[in-house]
Amino acid sequence: MFELEDCVGIITCNTGKKIADAFNEKLSAFGITRTQWIAIYYLGKFKSLNQKELSVKMNIKDSTLVRLIDRLERDGLALRIKNNKDRRMTHLKLTDMGKQKRAEMLPIGEEFVNCVSSGLSNEEIDTFRKVMNRLMENIE
């Protein structure tokens with residue numbers, strides 16, 4: 001008989017929500033949200049992305065990204081740079097303050113990942129990644 005509590009989708013959703021909430025709580029002490037941290041992470045990793053590329057990497061809607069970038073700009077962490085050749089294209093770049101915030105937050109992210117995955121072997125983490133990737137492939 002089907003039991004919702006045993007459903008892989010429910011288990012991953014509930015676990016993901018708990019992890020996201022816990023990380024948001026940790027980051028709130030630094031005046032930043034998990035979503036802002038993810039955007040800052042990617043903008044620092046790739047130096048410059050357009051809005052579409054960042055929305056794909058973050059798996060969020062374009063309209064949600066616009067509001068997020070508005071906040072990052074307001075807080076002095078990121079800039080929108082218009083493309084002279086294609087005015088419809090906007091690139092995003094971290095400011096010096098954004099780069100500093102990213103450098104400050106990377107150890108916090110690493111510490112959180114280590115906390116969440118404590119007690120798991122490298123093999124278990126590898127298996128987890130493979131299973132999650134397979135679930136994603138099955139959905140697509």
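Read-outs: derived from the displayed coordinates by stated rules, not from any lab. No experiment lies behind these values; they were computed from the predicted model shown. Here Cβ is always computed from backbone atoms with ideal geometry, including for glycine, and neighbour counts include all displayed protein chains.
A few points about this structure:
- Pairwise FRET efficiency - Met1 versus Glu104, Cβ, R0 = 35 Å, nearest 0.05: 0.10
- Summarising the label geometry, the points placed 7 Å from Cα in the beta-carbon direction at Asp75 and Arg87 lie 3.2 nm from one another.
- Under 5 Å between amide hydrogens, built in the peptide plane, is the criterion, and for Asn50 it picks out Leu92 among residues at least 5 positions away or on other chains.
- The angle separating the long axis of helix 96-116 from the principal Cα axis of greatest extent in the chain is about 0 degrees.
- Note on the chain: dipole from Cβ charges, positive end direction compared against Phe2, Ile108, Gly98; the farthest Cα belongs to Gly98.
- Normalised contact order of the range 7-112, rounded percent, pairs of Cα under 8 Å and 6 or more residues apart: 25
- Note on the chain: with a GNM built from Cα contacts shorter than 10 Å, the maximum mean-square fluctuation among Glu104, Glu53, Glu124 falls on Glu124.
- Ordering Ile69, Tyr41, Asn59 by the projection of their Cα atoms onto the charge dipole of the chain, which places +1 on the Cβ of Lys and Arg and -1 on the Cβ of Asp and Glu, puts Ile69 at the extreme positive end.
- Extension reserve of the Thr33-Glu137 stretch, reckoned as 0.36 nm per residue once the Cα distance is removed: 34.5 nm
- Set of aspartates and glutamates with alpha-carbon distance to Lys93 below 15 Å, sequence-local pairs under 8 removed: Glu53, Asp70, Glu73, Asp75
- For the chain, the dipole from Cβ point charges (+1 on Lys and Arg, -1 on Asp and Glu) about the Cα centre works out to 1120 debye, to the nearest 20.
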